[in-house]
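Reviewing the structure listed below.
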Amino acid sequence: MATCHLTAQTRISGIVSDGREPLACANVFIIGTIDGCLTDSLGRFDFTTTRQGELTIKVTFIGFENYLLTTDVSKMNDLKIIMHEQATSINEVVVTASTFNFGKSDNFKTMDALDVVMSGNSCGDVVAALQTLPGTQKVGEDGKLYVRGGESEECQTFVNGMHVLVPYSTNVQNSAVRGRFSPFLFKGINFSLGGYSGEYGQALSSVLPMETTDMATSDKMGISASLVDWNIGGTKAFQNSSLGFNVDYTSMGLYDKLFTQRMDFTRPYRKLSGEAQYKKEFSQNSILKSYVGYDLTSVGQHIDNRSLSLKEHNFYANVTYKTNIGRGYSLFTGIANSTVLNDIDDAQIVGDHYHNRRNEIHLKAELRKVFSPVLKMSAGIEDYIRNSSKRYEANEYNLDYNLIAAHIDAQVRLMPRLFLNLSTRSEHVSYIDKLQLMPRATLSYIPNKHFQLSAMYGRYSQTAQDDYIAISQKQLEQCTANHCIVSMQYQTENTVLRIEPYYKKYKNLPLYNTNTYTADGYGSSKGLDVFLENNSLIKRLTTILSYSFNDSERYYLDYTRLCTPDYVSRHNLRVSLKYNLGKVILGLSDSYASGREFPMGKTPHYNSIDANVTFLVSPKVIVYTSLNNMLGRTNIHGYDTQGKSVLSSRDRFFYIGIFVSLKNNKAYDISNF
């Protein structure tokens, strides 16, 4: 027994429990006095007081609601007190179902930017790092994100809530592209594999929302260099604002001279990128963020008797403003512009010229409010203003349309551990006189910090690609997909296990029919994703296993029957090991994907064993090196119409880079504007 006051004349005693088990170390005391004690291992308390008459006893315990009892002190003997678990505030809930979080976002941290850069064979590419997760497909001939049986166009990227029209760099056919954005730019990356809320639209399969870092409070400057790219970036911090820049130059010229490859390049792949950010805090609750980025990419390749020459300009900018407007309401507004110009000489035959221009202006406003510990809501409107043109030989078009959307989202705590997210999104495309309504719901049971169980349903829509809309003479309805997902996650200090079965049903897919496209295509995708991360098998060793099973069928585009799309692998498995020796981190991974179906036959399975080493030379210098496909396996990604194998330009890829901070204490802050 624990006794806190020895001079009392009246005894106060009892047992504290949760109705099933006793609660040890609960704090029991009389309000307005110093009389009280902590419960023992059996939940018992016993102390005395000199106070007389009617008193109030209070019991507190972490994770439980406070208990109060007001009665005469003579009746405070042999009390049986039952505590009730404290209901989580709706603002504290983080539902992780079908979402992987990188960096710090929504108070949930699993991986930072350095982990993305040093992840397996990513070589600093966010997109390549995400392809290590379950639910993604290995499509080696273009390197883009394919999620749960969906095309790459079905995964859309958002920066600070604003849409990015083209998030990839460009390259010649059958060569992997990279993502445009550096992981150091973002404090949070939330990769959702499906079941996302009404805030996000124009994405049939998945969304990749990324939140840039907050305003810098100190000056930063850094450089990095490798065999293929060179970078310099920095930040100037002011009293209530900061201005940052980043310049990157990528060239495969030196690498192509050092290492042989299959393709005949007349001009090596080159990309010049520039980025700038300005952030200003008007108050603690009001912040303005602006971002502008520009890429110039060029490459030349000799194919048969022609010399293909590709050049692309990719410009993206956005401005967002967040502020509290009183009475608990917060307002978000934003505008973004994407412009992409693509020119190709000798694209198909000698002497031809291909030109494509795409532009999008995205306008968005959203109002949010936490009404109570059991309810928070948001509502927003947005407008996508799109324009594109294409010229190739006798084929050309000019396409203009806009898409207006609105959404309302409510998150409700139904019971102390049961949460419901209800949302609906409506969209109207200017060239189709039809309003698209999309209800979405997520029911989550979160009994404790270790376990989550969620069930999700939602309808999603996306306009077809511009070429298909133009050929159909603006007669194509929006494509739709219904998602049904069940998610189970178990997490401890050293282990994360997630299992997710899912089913998607597609309608209104573009189908080629008699020189035009109609919205008569359809399809389905079902599967199972498993993710396991463990840090306890061996000290300092992190083990990650990702497995995906996918069964997809589609009847769309120029397909003559319902069949498996050629980008789908039924089985995808990846096992990775990371061993931390302090200043040295060793990484090893093995990726496997089953064969893919093509009209000319099924490809052999894909397999690549990759290794990487990270060496912290000093707090300001990091050296990173990796070797992809160590065994040199020749992976066949597909077959062309003549039955010829589609191969990567080289079987292995060796990377070595150095990251140096000039004005900060961490080398991996070099691009952290």
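A few remarks follow.
- 9 Å beta-carbon shell around ASN314, net charge (K/R +1, D/E -1): -1
- Extended-chain gain in nm, criterion 0.36 nm per residue less alpha-carbon gap, LEU69 and GLN86: 4.4 nm
- Normalising the average separation of contacting C-alpha pairs (under 8 angstrom, six or more residues apart) by the number of residues puts the relative contact order of segment 336-473 at 15 percent.
- Length-normalised contact order of the chain in % [C-alpha pairs under 8 Å, at least 6 apart]: 10
- Net dipole in debye of segment 201-276 [+1 Lys, Arg Cβ; -1 Asp, Glu Cβ; about Cα centre; nearest 20]: 300
- Sequence-distant contacts, meaning Cα pairs under 8 Å at least 6 residues apart, place the relative contact order of segment 10-82 at 39 percent.
- Length added when fully stretched, ILE656-TRP230, from 0.36 nm per residue minus Cα-Cα: 152.2 nm
- Partner aspartates and glutamates for LYS80 [C-alpha distance under 14 Å; skip if fewer than 8 residues away on the same chain]: ASP18, GLU21, ASP46
- Shown is the FRET efficiency for LEU627 and LYS58, computed with R0 = 56 Å from the Cβ-Cβ distance and rounded to the nearest 0.05: 0.30.
- Dipole check for segment 506-612: with +1 at the C-beta of Lys and Arg, -1 at the C-beta of Asp and Glu, and the Cα centre as origin, the magnitude is about 420 Debye.
- Its alpha carbons considered, segment 10-82 gives a radius of gyration followed by a Dmax of 11.2, 33 Å.
- Candidate cross-link partners of LYS58 among the aspartates and glutamates, defined by an alpha-carbon separation under 13 Å and a same-chain spacing of 8 or more, comprise ASP35.
- Added length on full extension, which subtracts the Cα-Cα distance from 0.36 nm per residue, ALA611 to VAL575: 11.8 nm
- Dividing the summed -39500 (n - 2.57) terms of all DSSP H runs of n ≥ 4 by the residue count of the chain sets its mean residue ellipticity at 222 nm at -500 deg cm²/dmol.
- Amide N proximity, segment 181-213 versus ALA406 label position 7 Å along Cα-to-Cβ, cut-off under 20 Å: 197-202
- Of the residues VAL247, ILE544, LEU435, the one whose Cα sits farthest towards the positive end of the charge dipole of the chain is ILE544 (charges of +1 on Lys and Arg Cβ, -1 on Asp and Glu Cβ, taken about the Cα centre).
- The calculated FRET efficiency for the pair LEU588 and GLN642, based on their C-beta separation and a Förster distance of 51 Å, comes to about 0.85.
- Lysine pairs with alpha-carbon atoms under 23 Å apart, segment 113-266, spacing 8 or more or separate chains: 4
- Considering only TYR146, PRO134, TYR567, and ranking their Cα positions along the charge dipole of segment 92-669 that arises from unit charges at the beta-carbon of Lys, Arg, Asp and Glu, the one farthest toward the positive end is PRO134.
- Reachable aspartates and glutamates, given that their alpha-carbon falls under 14 Å from the alpha-carbon of LYS539 and they are not under 8 places away in the same chain: GLU493
- Modelled FRET efficiency - R0 35 Å, LEU541 with ARG357, Cβ distances, 0.05 increments: 0.10
- Pair-distance profile P(r), taking every C-alpha pair of the chain, with 20 angstrom steps and integer %: 16, 47, 27, 9, 2, 0
- Each residue, LEU399 and THR516, gets one label point 7 Å from its Cα in the Cβ direction; the gap between the two is 1.6 nm.
Read-outs throughout are calculated quantities, based only on the coordinates presented, and are distinct from any laboratory measurement. All figures in this text were calculated on a predicted structure; none of them were measured in a lab. Neighbour counts are summed over all protein chains in view; Cβ atoms, including those assigned to glycine, are modelled from backbone coordinates with ideal geometry.
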